[in-house]
Amino acid sequence: MAQKNRSTSSVLVLLILAAILCFAMATANSQGTAGTASPATTETAVGAKDSLAMSRSDSMAFARKVDDLREHARLGWIYKIRYSGLGDWYVRGGVFMHPLLACSIAGAVFIFERIYTLNRARVDTRKLMNHVLQALQTEGVEAGLKACEETRGPIAAVLHAGLMRASYGPDAVREAIETAGAIEVSFLERGLVVIATVSTIAPMFGFLGTVSGMMNAFAAIAASEQVSAKIVASGIEEALITTIAGLCIAIPATMGHSYCIGMIDRFVLEMEEASANLVNELVQISKK
């Protein structure tokens, strides 16, 4: 064990001596005499400068690594979001990414809420109508009201409102159904204005970020004496990122809005059909 430790110590000593020797040779070669230098001396000096530049680069990289670790400890889990691909893309997009983020959150929340609500309100209209009509024919209006109360959704609510006015005649039933239908449709369309607004203004924010990025690019060109791709790259990148973000938000919002409108139109059609069947059945019952 002791022999192994001595062998390891000897290797470390040799490595340290080799490093000191290399440093001494580099220092000696970097101190050239005044006047015209020989090619060998010139190559040595260039090598020493390259080594110095590499050492400075390594020092800077180490300093950046230390700063990165400190920021990681300070931010915690936010650090992973900030320096993820999406987070870095968000930061490079500039200040207009903030309203685009707000639009994306609002659009997603209202789309999922409307889809959940509309799907939850769906019922088997034919089964409901058969149940209500059978209750009316066998047990009367009170049984029909009870059948409507046992079923959720706008169609059952419209039928319930019509049956509540059954004793006043078919015209009163139609009027109650129209009023209840308007209220139910208004409830079904709640939140669609927000989705439509998001689908409209998200591309506008994106184009506004595009204009801002191009302005920054031209400002960088005007402020520099020599134009290079690196000078205008950040401004162009900001312009493209905001454009992509605006379109990526607007397209799903438009699709979600169209999907919800289609579901609401289906509800309206089913409500009209169920209401017509109910009025016809009440007319037939009144003639008996």
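The values are calculated or read from the model by the stated rules, or taken from the named source; none is laboratory data. Keep in mind it's a predicted model, so treat the numbers as computed, not measured. All Cβ positions, glycine included, derive from the backbone under ideal geometry; neighbour counts span all protein chains shown.
A few notes on this one:
- Pick from the range 187-221, criterion of a type in the set (Ser, Thr, Tyr) and modelled with pLDDT of 90 or more, ranking: farthest from ILE241 (Cα to Cα): THR197
- Which numbered condition MET263 fails, given (1) farther than 30 Å from ASN119 by Cβ; (2) more than 19 Å from the chain's Cα centre (by Cα); (3) surrounded by 13 or more Cβ atoms within 10 Å (Cβ to Cβ): (1)
- Looking only at the range 84-114, and only at residues there that are touching a Leu at 6+ places or on another chain (Cβ under 9 Å) and at pLDDT below 85, the one that is surrounded by the fewest Cβ atoms within 10 Å (Cβ to Cβ): TYR90
Okay, residues lined up against (1) within 42 Å of the chain's Cα centre (by Cα); (2) over 23 Å from ILE251 (Cβ atoms):
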position	(1), (2)
TYR90	yes, no
GLY94	yes, no
HIS98	yes, no
VAL109	yes, no
ASP124	yes, yes
GLY140	no, yes
CYS148	yes, yes
ARG152	yes, yes
PRO170	no, yes
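- Failed item, numbered, when VAL109 is tested on (1) among the hydrophobic types (A, V, I, L, M, F, W, C); (2) under 30 Å from GLU237 (Cα atoms); (3) in contact (Cβ under 8 Å) with a residue 24 or more places away in the chain: (3)
- Subset of the range 94-114 [part of a helix (DSSP H, G or I) and aromatic (Phe, Trp, Tyr)]: PHE110, PHE112
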